[in-house]
Amino acid sequence: MSKLKSPQDKKRASLELDRRNSYGENDKASRKNIPLAKASSIRAERRAVQQTIVSIVSSEDPVAVECSAREVGLLKTRAKFIKSPDSSLQKALEGKRDRRAKRAIDA
């Protein structure tokens, strides 16, 4: 049983909790491009660590190799892809309403 009893409360909760894609591209494209970007950033991190290890492999100190590889990995991890959160349905509808009003004034 729902805690919200009135239809107005249900509508208000729906507008606050439902999300809409505000990334700026088609939602079908987002389904492909977001995982692709995440995978690409992870691959870049692994590649940077591997290149660091290979370039220092001639060194006799394994501790120094491990430290520098971890440092490079952490730098790449901090710069990884992070998806911007979707906007609430209420904000999306307000933006749509504003764009329509602006178009009506300009026309």
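Listed values, structure above:
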item: Pair list, Cβ < 9 Å and 6+ apart or interchain, from region 75-102 residues that are open to solvent by 90 Å² or more (accessible area, probe 1.4 Å) to residues that are outside any helix (DSSP H, G or I); result: Pro85/Arg19; Pro85/Ser22; Lys91/Arg20; Lys91/Ser22
item: Tabulated pairs, region 15-40, first within 22 Å of Lys91 (Cα to Cα) and touching a residue at least 12 places away in the same chain (Cβ under 8 Å), second open to solvent by less than 100 Å² (accessible area, probe 1.4 Å) and in a helix (DSSP H, G or I), C-beta under 6 angstrom, 6+ apart or interchain; result: Leu15/Leu89; Leu15/Gln90; Asp18/Leu89; Arg20/Leu89; Arg20/Ala92; Asn21/Asp27; Asn21/Ser30; Tyr23/Ser30
item: In region 75-107, the residues that are among the aliphatic types (A, V, I, L, M), part of a helix (DSSP H, G or I) and closer than 21 Å to Ser40 by Cβ; result: Leu75
item: Qualifying positions in region 60-74 - open to solvent by 100 Å² or more (accessible area, probe 1.4 Å), in a helix (DSSP H, G or I) and not basic (Lys, Arg); result: Glu71
item: Any hit, region 37-52, residues being assigned to a helix (DSSP H, G or I) and within 30 Å of Lys3 (Cα to Cα); result: no
item: Flag for Asn33 being touching a Phe, Trp or Tyr at 6+ places or on another chain (Cβ under 9 Å) and either acidic (Asp, Glu) or at pLDDT below 90 (or both); result: yes
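The values are calculated or read from the model by the stated rules, or taken from the named source; none is laboratory data. Keep in mind the model is a prediction, meaning the values are calculated, not measured. Virtual Cβ from ideal backbone geometry, glycine too; neighbours counted across all protein chains shown. Just so you know, the surface numbers come from the protein's heavy atoms only, side chains and all, with ligands and any DNA or RNA stripped out. Shrake-Rupley method; radii C 1.70, N 1.55, O 1.52, S 1.80 Å.
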